[in-house]
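The values are calculated or read from the model by the stated rules, or taken from the named source; none is laboratory data. Since this is a predicted model, take the numbers as computed values, not measurements. In this analysis, Cβ positions are derived from the backbone assuming ideal geometry, glycine residues included, and neighbour counts consider all displayed protein chains.
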């Protein structure tokens, strides 16, 4: 674990160091895919060098010079901003060198309301790499370096949230997810009120790339029980309601509801609002029943495991419609409770 950074710098740099079991999982899935002895392994956000555990050819880089002092002295390191002037030349890597990128790059969403009071821009980023989340910037940068494989930790939301997935841009056109294991963010922030899924992901260079349909049909494995998460198994609430403010809709609203992002955001947020505000969704008579549904979902969402955290609210629409009148009060009755028991049992 890093010890030389204070809380502010830890958050701004996204510097949460990697537990040994995650490093071991990364090597397990890498070694199934290829012979590592044939490659240079680059970790360009290496911190203390947690991934440098084998007798292989390594190169480490980090913006934090004090962290690099902790890296094994036998490993070549470079102190540099890995998101600025990105190229193989920057690392003295020839164009024909067979390269693998490994590691746990920062994933600091600078627009998140969580701890936003101490987040700030710390360094320059190439224009084509800029994004509100440093982790997406790092994935974009890997496409420029053109490794054969990429094995890194990052939030599962980069893949399963369509807006994030599209933000990866050229990365998705040139790389394809071939293996991965989902772990909980609890390993980094055990005192958090909510946890989200992190994937230890293995990508391979592939001209086919991957589109969002590929992701929706992908079977994500959950650590440690190997349960499967697959988006196309779910019917999501955004098939029936607006998730974000709809101020331009001129119909007469009957209520106001807080913006919906995902299940973890719902746990932290309000549901129905007393009056309109910037983050308010207008609710209309024809879809009011679904916002009652979301209000009740919040009451039971704490029962869901961490790997549901970044999913949209899901629903069994046919069963819901058969008892929708029972959802029309703010306090759940027995039928509502039994509905969620059946729903969660089906998916968990």
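Please verify whether the range 187-209 includes one or more residues that are in a helix (DSSP H, G or I) and at pLDDT 95 or above. The answer is no, given that none of the residues of the range 187-209 is in a helix (DSSP H, G or I) and at pLDDT 95 or above. Screening residue 77 with (1) part of a loop (DSSP other than H, G, I, E, B); (2) more than 19 Å from residue 146 (Cα to Cα) gives one miss only, at (1). Pairs linking a residue in the range 257-280 that is surrounded by fewer than 14 Cβ atoms within 10 Å (Cβ to Cβ) to a residue that is in a strand (DSSP E or B), with Cβ atoms under 9 Å and 6 or more positions apart or on different chains, are 274/256; 275/256; 276/256; 276/282; 277/256; 277/258.
Restricting attention to the range 135-164, the residues that are assigned to a helix (DSSP H, G or I) and crowded, with 19+ Cβ neighbours inside 10 Å total 14. Scanning for something over 25 Å from the mean Cα position of the chain (by Cα), surrounded by fewer than 21 Cβ atoms within 10 Å (Cβ to Cβ) and more than 30 Å from residue 215 (Cα to Cα), does the range 303-319 turn up at least one residue? Checked the range 303-319: no residue is over 25 Å from the mean Cα position of the chain (by Cα), surrounded by fewer than 21 Cβ atoms within 10 Å (Cβ to Cβ) and more than 30 Å from residue 215 (Cα to Cα). Considering only the range 101-108, I want to know if a residue exists there that is crowded, with 16+ Cβ neighbours inside 10 Å, more than 20 Å from the chain's Cα centre (by Cα) and at pLDDT 95 or above. No, every residue in the range 101-108 fails to be crowded, with 16+ Cβ neighbours inside 10 Å, more than 20 Å from the chain's Cα centre (by Cα) and at pLDDT 95 or above.
Once the range 185-238 is narrowed to residues that are free of Cβ contacts under 8 Å to residues at least 40 places away in the same chain and under 24 Å from residue 294 (Cβ atoms), the residue that is farthest from the chain's Cα centre (by Cα) is 232.
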